[in-house]
Amino acid sequence: MPNIADNLTAIQKRIAAACDRAGRAPEDVQLVAVGKKFPPPIIHEAADCGLTLFGENRVQEAKAKIPDCPGHLRWHFIGNLQTNKCRDAVALFDFLHAVDSLHLAAELNKRCEQAAKVMPVLLEVNVSGEGSKHGFTPEAAVAAMEAFFEFPQLELHGLMTMAPFTRQPESARPYFQKLRELKSACEDQLGAPLPELSMGMSGDYEIAIEEGATFIRLGTTLFGPRSAADKD
Ligand SMILES: *Cc1c(COP(=O)(O)O)cnc(C)c1O
């Protein structure tokens, strides 16, 4: 069993130290607790530690799990969404981190309209250019955002990325810097603020905070390895 309370205390210290180094306020960084693969009792335990914001990356898993979790929690969808899952995603989640195509945005807009819901979303950008990653190229981001004016049910709040996996957190910094710079460039082009940057996971969140992350998405460092959850 992971000790979520101890893990969270250690994480909060690291968040505070990273904020200190960057001259930022800790309240400006929101921790998304990624409890994917972990069952409702573990989510209850995390909620008992005071966590309220949770992330999931599979609609089917979330659909089975959320009804068995405390009702006051907020759920963000952080994974890539297939168009045939949009209706459920719109019903289950109140924020989507990884809109990676205009085709998906159009489908989401339609489903939000049917549900009479306005959905805050982030655009996923493939900053590293790795073929395994989803998202718009940095060059395509502004044009994609302009296309969002066609989707009145979607509220664009900023950008999201995943840095390449590495054991050296520092090597993620250039990707986070690039997303921050892209956010400023998009704000200038659009003439509108984009307050959110979703970047940083268990291995690199302190670097992400130094580079301006407003959402960090933490799984393993909070809950322990997901392989442990699989064995349950
Ligand atoms: C699983 C996942 C995370 C959390 O990953 P950890 O390395 O376990 O912190 C963050 N973001 C996304 C999109 C994920 O799918």
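Before anything else, pin down the relative contact order of segment 77-117: Cα pairs under 8 Å, at least 6 apart, normalised by residue count, whole percent.
49
Roll a 1.4 Å probe over the protein chains and send me the accessible area per residue for segment 18-88 in Å².
Here the residues of segment 18-88 average 48 Å² of exposed surface.
Quick query: amide H of Gly219 versus all other amide H atoms, modeled in the peptide plane; which residues come in under 5 Å with a sequence gap of 5 or more or a different chain?
Residues meeting the criterion, in which the H sits 1.01 Å from N, are Val34, Ser202.
With a 1.4 Å probe and all protein chains left in place, how much accessible area per residue does segment 163-232 have, in Å²?
On a per-residue basis, segment 163-232 sits at 48 Å².
Would you mind counting up the charge near Met119? Only other residues with Cβ under 11 Å from its Cβ, with Lys and Arg at +1 and Asp and Glu at -1.
Summing Lys and Arg as +1 and Asp and Glu as -1 gives -1.
With +1 on the Cβ of every Lys and Arg and -1 on the Cβ of every Asp and Glu, and nothing else charged, how large is the dipole of the chain about its Cα centre, in debye rounded to the nearest 20?
540
For segment 104-186, what does the alpha-carbon gyration tensor say about shape, rounded, prolate or oblate, given a ≥ b ≥ c as the root eigenvalues, a/c under 1.5 as rounded, and a/b over b/c as prolate?
Prolate.
Accessible area of segment 4-231 with a 1.4 Å probe: how many percent of it is carbon plus sulfur?
50
Going by the alpha-carbon gyration tensor, a ≥ b ≥ c the square roots of its eigenvalues, is the chain rounded (a/c under 1.5) or, if a/c is not under 1.5, prolate (a/b greater than b/c) versus oblate?
In terms of gyration-tensor shape, oblate.
Between segment 83-124 and segment 37-69, what is the separation of their alpha carbon centroids in Å?
For segment 83-124 versus segment 37-69, the Cα centre distance is 20 Å.
List every DSSP H helix in the chain whose Cα atoms extend 15 Å or more along the helix's own long axis and whose mean Kyte-Doolittle hydropathy is at least -1.0.
Span-like helices in the chain: 4-22, 102-114.
Given axes a ≥ b ≥ c from the Cα gyration tensor, I'd like to know whether segment 118-232 is rounded (a/c under 1.5), prolate (a/b larger than b/c) or oblate.
Verdict is prolate for segment 118-232.
The values are calculated or read from the model by the stated rules, or taken from the named source; none is laboratory data. Only a predicted model underlies this, so the values are computations on that prediction, with no experimental measurement involved. Glycine gets a Cβ as well: all are built from the backbone with ideal geometry, and neighbour counts include every protein chain shown. Ligands, DNA and RNA are stripped out before the accessible areas are found, and what is left, the full protein with its side chains, is counted by its heavy atoms. Shrake-Rupley method; radii C 1.70, N 1.55, O 1.52, S 1.80 Å.
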